[in-house]
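What follows is a single structure, written as structure tokens, with notes after it.
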Amino acid sequence: MKKYILFDLDGTLTDPAEGIIKSIKYSLSKLEINDYDESILTQFIGAPLAKAYAKYFGFDEDKAKYAVTLYREYFNQTGIFENYIYDGIPELLEKLFNDGYTLAVATLKPTEAAKRILEHFGLAKYFTIIAGSDPNKTSEGKADIISNAIGMLSIEDKTLAVMVGDREHDMLGATQNGIDSIGVLYGYGSIEELSNAGAKMIAKTAADVYDLIKKN
């Protein structure tokens, strides 16, 4: 039986596409980059931002860091709330909370931004801790965030923990920290991406997440 349930935020609890994509477009406009394939912008969701700018736009480290700074100019003011809760998530969290599980968030989004979003949607009350990234540490990866969450919860028996997320970063980060993972298909990762990254379980809906946790 699991006791600790770690959730990714973007693409798992909420759909942040509108705000993230508008923030990326804002940063690219400021950098006078206007000719690009907009379909790649969804690949930024749930990914480390600086690494995504480097991967998809060929930015060097300094330019990637500057792009992230520009991104946050828009995101912190407007994009942060251009965001929507996925169907079934409030019910999922309430049931798990009432069943006695310890819930946590492990997200690459800066901690304060994650708290603002969860409080805005009335979800913060379900979580014992909200572990996010440090805006000044652009090299932080998902494995680092999950490790921080495990430490904050003082988890000694890692078989009692599971990471729920929608991208390969969540699955790989869970494996690197020695915990199980549930990949969700309603977010931004495909079943191929999640399976190839080592997802232990796959859920199509929020209700499926609950069933998998109860069975494992």
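Computed from the coordinates by the stated procedures, all read-outs in this text should not be read as laboratory data. From a predicted model like this one, the values you see are computed outputs, not experimental measurements. FYI the Cβ positions are ideal-geometry reconstructions off the backbone, even for glycines, and counts take in every protein chain you see.
For this structure, a couple of remarks:
- For region 75-216, radius of gyration divided by Kirkwood radius, i.e. Rg to Rh on alpha-carbons: 0.93
- In region 108-171, the GluC sites (Glu not before Pro) that fall in loop regions by DSSP, at most 15 other Cβ within 10 Å: GLU156
- Each peptide in 67-80, 14-27 gets a packing score, the mean of other Cβ atoms within 10 Å over its residues, and the list from highest to lowest is 14-27, 67-80.
- Sorted largest first, the principal axis extents computed over the alpha-carbon atoms of region 1-99 equal 51, 25, 23 Å.
- With a cut-off of 15 Å between beta carbons, the residues surrounding GLU119 carry a summed charge of +3, where Lys and Arg count +1 and Asp and Glu -1.
- For a modelled paramagnetic label at ASP157, 7 Å from Cα along Cα-to-Cβ, the residues of region 103-120 in reach, with backbone nitrogen under 18 Å, are 103.
- Across the cross-link table entries LYS65/LYS109; LYS55/LYS115; LYS22/LYS125; LYS2/LYS125; LYS55/LYS158, which are compared at the Cα atoms, the separations over 25 Å belong to LYS55/LYS115; LYS22/LYS125; LYS55/LYS158.
- Counted residue by residue at 0.36 nm each, then reduced by the alpha carbon distance between them, the extension gain from GLU73 to PHE97 reaches 5.2 nm.
- Most simply put, region 1-133 has about 20% antiparallel DSSP beta bridges, counting only bridges with both residues inside it.
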